[in-house]
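Just below is one structure, and these are the notes that go with it.
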Amino acid sequence: MSTSRPEALREHWQALLASEPQLRIRDAAGRLGAAEAELVALGCGTTATRLDGPWDALLKQLHTLGPLLGLTRNDHAVHERHGRYERLASQGRMRIVGSPGFEAWLFLDRWHSGYAVQEIGHGQVRQSLQFFDERGGAVHKIYQTQETLPGTLETLVRQFRSADQSPDHLVAAQPEVPATAEQPRFWPRHDVEGPPPPDPIAAHPAAIRPPAVARAVDRTAAEIVLREASAQAIPLLIAVGNPGALQFHRGPVTAIRRTGPWINVLDASFNLHLRDEQVASAWVIEEDADTGPKRWLGLADRQGQPVAQLSCLQPSARWDALLQGLAAAVTTGGPAS
């Protein structure tokens, strides 16, 4: 009798975990030639519950849960921010949620499936809601915290529980994305707390809107910027996204740590994990604004896709000097990206 894909995948995953028990599910999926959502679905009936939408209706109830942790990532950056999922704005298929210091733009047309997941980490059970695109890639995850109101997540899961709790998860084929040497398309800069102006994104990711000047700088610029912003107490806007979500942190960064290939922000309410060795190019972008020129740092991968963006929350001569120094180092013969 032939073995089904879920059964075969489960066997291979268990064997992989037996040899590498600390391997993260996203990395395991890549090693197994599977989608992350396929591995999550294997837990239906035990560690996972398949959910049904509509996702908009689910999002509307998240404010009743109290404080949560939002996680948005791409291949090379992970953005984790504590906050409340309060409704700020709705524009087309985009929903904007957040609270002071935290904001997420959620593109629901890219949300193909969702699961409630229980994970064991550091001796604790972590409960979350996880949403995936049509190829089974994670677009946004929402974790319960110690401050989340007891029982509210379980109530929400019961309400949106799907009748289908099989371990199967069908995914669309993953297209090959060629490398590009062109200037990458970055997300819109949004450094004002609260709802963005009308039609903030015509397409996602959005192109830099002229007038804008982009100067290539060393691809290791992010660590310099994070360490200097911490040392000089410069409040930042840090964005990380993927086609299904774009997440913002607004505020200072303090605890900057290097761990192997990752540069990290490890603050109480905000964590950033940036694998900067995979950043193929870094750019200082200058664009006009009502209050004068705005400068920010954009990081891109080898396909020209945005990895992360860092800008200053308010006009700052120290910030301008920091970014001008990055550009000058390349102009005067320093290492280029």
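In degrees between 0 and 90, to the nearest 10, how far off the longest principal axis of the chain does helix 5-19 point, with axes built from Cα atoms? Long axis of 5-19 versus the principal axis of the chain: about 60 degrees.
Spin-label pair D56-A231: with each label point 7 Å from Cα along the Cα-Cβ axis, the two points sit 4.9 nm from one another.
Which of rounded, prolate, oblate describes segment 212-278, given a ≥ b ≥ c as roots of the alpha-carbon gyration tensor eigenvalues and a/c under 1.5 marking rounded, otherwise prolate only if a/b is larger than b/c? Working shown, then result.
Working: a/c = 1.20, a/b = 1.10, b/c = 1.09.
Rounded, since a/c falls under 1.5.
What you get for segment 43-126, charging only the Cβ of Lys and Arg (+1) and of Asp and Glu (-1), is a dipole of about 120 debye around the Cα centre. Placing a label point 7 Å from the Cα of S166 along the Cα-to-Cβ line, no residue of segment 117-148 has its backbone N under 14 Å from it.
Using a probe of 1.4 Å, the accessible surface attributed to I120 totals some 150 Å² when neighbouring protein chains are kept in position.
Its DSSP H runs of at least 4 residues, each contributing -39,500 (n - 2.57), put the calculated 222 nm mean residue ellipticity of the chain at -6000 deg cm²/dmol, to the nearest 500.
Look at the dipole of segment 1-137 built from charges on Cβ: of G30, G45, A116, the Cα furthest out on the positive end belongs to A116. Shape verdict for segment 254-324, please, from the Cα gyration tensor: rounded (a/c under 1.5), prolate (a/b greater than b/c) or oblate. Oblate is the answer for segment 254-324, as a/c is 1.5 or above yet b/c matches or exceeds a/b.
If a/c stays under 1.5 just call it rounded; otherwise compare a/b with b/c (prolate if a/b is bigger, oblate if not). Do that for the chain, with a ≥ b ≥ c from the square roots of the Cα gyration tensor eigenvalues.
Judged from the Cα gyration tensor, the chain comes out prolate (a/c at least 1.5, a/b above b/c).
Against the main long axis of the alpha-carbon atoms of the chain, helix 317-331 sits at an angle near 90°. Relative to the dominant Cα principal axis of the chain, helix 221-231 is inclined by about 80°.
Starting from the residue with the highest accessible area, list H140, H82 in decreasing order, probe 1.4 Å.
So, going from the largest accessible area down, we get H82, H140.
Of the solvent-accessible surface of the chain, computed with a 1.4 Å probe and all protein chains present, 52% belongs to carbon and sulfur.
The values are calculated or read from the model by the stated rules, or taken from the named source; none is laboratory data. Owing to the predicted nature of the structure, the values given are computational and were not obtained by experimental measurement. Cβ: placed from backbone, ideal geometry, glycine included. Neighbour counts: every protein chain shown. These area figures cover heavy atoms from the full protein model, side chains too; ligands, DNA and RNA do not enter into them. Shrake-Rupley method; radii C 1.70, N 1.55, O 1.52, S 1.80 Å.
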